[in-house]
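The structure appears right after this line, and notes come after that.
What follows is calculated from the coordinates using simple rules that are stated; it is not laboratory data. All figures in this text were calculated on a predicted structure; none of them were measured in a lab. Every residue, glycine among them, receives a Cβ derived from its backbone with ideal geometry; neighbour counts consider all protein chains shown.
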Amino acid sequence: MILPSKHLPQDRALLTVGAHVLTFLVRPKTVSALWEELNRQGQGGVVIRPRRITYDWFVLALDLLYSLGTIELENGLVARREA
């Protein structure tokens, strides 16, 4: 689930989804704004993520990023954690 495997394609692995989420976190955002921006990707220009993910998969990716210490929640906003 975290890493790609025989039965889980690379674009569905939580590590890959988490990496895509991080590309949208240039500045702190609400979870809903981050979700909408991630879903808007690919509707106009170049499709970077070929397969749409579900909200629960998105939340699992956020959980993974939080567990790894990559993101944090500040005043209701998801933000990259400063090293």
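Summary table
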{"read-out": "Virtual paramagnetic centre 7 Å along Cα→Cβ of Glu36, amide N under 18 Å, in the stretch 66-83", "value": "76-79"}
{"read-out": "Label zone at Met1 (point 7 Å along Cα-to-Cβ), backbone N below 16 Å, the stretch 59-81", "value": "59-68"}
{"read-out": "Dipole in debye (nearest 20) - the chain, about Cα centre, beta carbon charges: Lys, Arg +1; Asp, Glu -1", "value": "320 debye"}
